[in-house]
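Data first, discussion second: the structure below is written as structure tokens.
Taken together, the values in this text are just the output of simple stated rules run on the coordinates, not laboratory data. Note that this is a predicted model, so its numbers are computed, not measured. Glycine gets a Cβ as well: all are built from the backbone with ideal geometry, and neighbour counts include every protein chain shown.
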Amino acid sequence: MPQPIFEVRNLAVAVNDMDAARHRPEHGVMIEPYGPALPYGWVEAVRDVSFEVAPGEVLAVVGESGSGKTLSVMGSLGLLGIGAKVARGTVIFDGAQIRPTKELAERRQRRFRRRVMKRERFMEESLDDDWRRVMGTEVGVLFQNALGGWNPVSIIGDQAGETLDEHTELSLAEIEERVLDSLGEVQLPKASKFVAYPDELSRGQAQRAMLAAALVKGPRLLVADEPLTGLDAGVAASILNLIREMQSRRKMAMIFITHDLAQVAALATRVAIMYGGRIVEVGEVGTVFRNPLHPYTEGLLGALPRPGVTRLHPIEGDVPKITDVPVDRCALIERCSYATDVCTAALPRLVAADASRAVACFRSDEFELRGI
Ligand SMILES: Nc1ncnc2c1ncn2[C@@H]1O[C@H](COP(=O)(O)OP(=O)(O)OP(=O)(O)O)[C@@H](O)[C@H]1O
Ligand SMILES: [Mg+2]
């Protein structure tokens with residue numbers, strides 16, 4: 001594999017959840033480097049998450065709703081809102097370690113945060129200059145809710161050019177030209193959309209404009225959090241094609257969060273499957289789909305509608321609440337037909353199954369699971 005541009009090691013993200021905190025065993029445990037302990041009411045939701053992505057490669061992050069996809073990826077970028085916080089982990093961009101900060105969230109929430117920070121030492125973190133630069137110039141982000149990513153009282157053109165203004169020496173005329181080019185590239189009527197306010201755009205246009213704003217800085221990493229959710233099938237397909245074309249033309253590394261396996265097949269090189277706040281399987285898309293190693297992956301694939309299959313097989317049971325996931329045994333036990341005593345004895349960690357694949361299941365080499 002080529003040298004990764006973005007690497008995340010052992011990331012843990014905590015969320016503020018008073019109910020869950022009351023019965024979590026690790027509550028009050030030492031958590032470095034963010035202070036002596038998780039403050040009261042905070043519990044770990046995402047744990048031991050490691051992944052990397054290389055230039056030209058698309059890593060899909062897949063899992064049912066509430067499995068921790070957004071927390072993991074946005075956490076690694078320092079883009080979590082209030083109520084969620086990186087508790088530990090290492091993040092490396094282009095060989096240099098950076099501390100994820102809350103730059104974007106902070107800008108929106110500065111006033112509120114000042115009050116919060118006085119109360120909670122946990123919330124304190126230095127704003128890392130390298131991180132600011134990387135986020136401002138190297139990373140483009142498409143948020144889960146296209147309209148939510150925009151400031152409603154400022155025109156699209158100004159917002160799309162903001163980071164160039166902050167992080168480069170370009171003149172305003174040059175920035176305007178780049179933004180117009182970028183809007184044209186995503187097939188928006190550039191002159192009229194440059195001066196449009198976000199609420200004048202349709203959902204599809206808002207997502208295209210978000211892509212234009214992400215691309216305008218010429219990022220080396222593009223991160224998209226379910227960018228097609230809520231769009232009708234035709235619009236979704238054209239935006240998916242546009243994203244794919246931009247990614248491959250610019251040879252960007254990309255992290256693509258989705259719960260749609262068809263989108264994974266269409267776009268991704270590798271896939272990481274998440275369950276209960278952990279990655280349970282990761283590998284090259286074709287290999288994982290043909291020959292899954294984790295029973296949960298088999299379940300996801302088995303639930304896919306296919307020609308000739310009249311009855312779908314959903315995974316039995318409910319998705320666990322992420323803050324109630326067990327930490328001393330496999331989290332899938334109740335929903336897994338392969339589970340035995342070994343699965344209750346300890347927590348299965350993600351370990352390499354072969355050169356390109358890793359799985360977190362004690363029994364993965366005992367069965368031939370069904371792929372597609
Ligand atoms: N800011 C927050 N404050 C408190 N709890 C949170 C916060 N963000 C997420 N959580 C909890 O963590 C869970 C996982 O969140 P996350 O957004 O990562 O899920 P996801 O896999 O992206 O799901 P979806 O497909 O629905 O976007 C949520 O269901 C919620 O219980
Ligand atoms: Mg999400």
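Shown in residue order for the stretch 287-300 are the 3J(HN,Hα) couplings computed by the Karplus curve 6.51 cos²θ - 1.76 cosθ + 1.60 at θ = phi - 60°: 5, 5, 5, 6, 9, x, 10, 9, x, 5, 4, 4, x, 4 Hz (x for Gly and Pro).
If I model the stretch 295-372 as equal point scatterers sitting on the Cα atoms and use the Debye formula, what is log10 I(q)/I(0) at q = 0.15, 0.24, 0.27 Å⁻¹? At q = 0.15, 0.24, 0.27 Å⁻¹ the computed log10 ratios are -0.61, -1.27, -1.40.
Put in line by how crowded their Cβ is, counting other Cβ atoms within 10 Å and starting with the fewest, Val153, Val216 read Val153, Val216. Relative to the longest principal axis of the Cα atoms of the chain, the long axis of helix 103-119 lies at roughly 70 degrees. Cα centroid separation, the stretch 162-215 to the stretch 235-294: 26 Å.
You can think of it this way: the chain between Glu368 and Asp19 has 121.6 nm of extra reach, that is 0.36 nm per residue less the Cα-Cα gap. Building the convex hull from the alpha-carbon atoms of the stretch 204-333 and averaging its projection over directions returns 9.9 nm².
Highest mean first, the peptides 77-84, 173-180 sorted by other C-beta atoms within 10 Å per residue fall in the order 77-84, 173-180. Looking at the chain, send over the antiparallel percent of its DSSP beta bridges, to the nearest 5. Of all bridge pairs located within the chain, approximately 60 percent are antiparallel.
To the nearest ten degrees, helix 172-185 and the longest principal axis of the Cα atoms of the chain are 50 degrees apart. Shape class for the stretch 143-190, computed from the alpha carbon gyration tensor (a ≥ b ≥ c): oblate, with a/c not under 1.5 and a/b at or below b/c. Sorting Ile98, Ile239 from the fewest to the most surrounding beta carbons within 10 angstrom yields Ile98, Ile239. Once the gyration tensor of the Cα atoms in the chain is diagonalised, the equivalent ellipsoid follows with semi-axes of 34, 27, 18 Å, ordered largest first. Full extension of the chain segment joining Arg133 with Val195 gains 19.6 nm, where the gain is 0.36 nm per residue of separation less the Cα-Cα distance. Here is the link list: Lys69/Lys321; Lys190/Lys217; Lys69/Lys251; Lys193/Lys217; Lys85/Lys321. Which ones come out longer than 22 Å on Cα distance? Flagged as over cut-off: Lys69/Lys251. Considering every alpha-carbon pair of the stretch 52-100, the percent of pairs per 10 Å bin, from zero through the bin containing the longest distance, is 22, 49, 27, 2.
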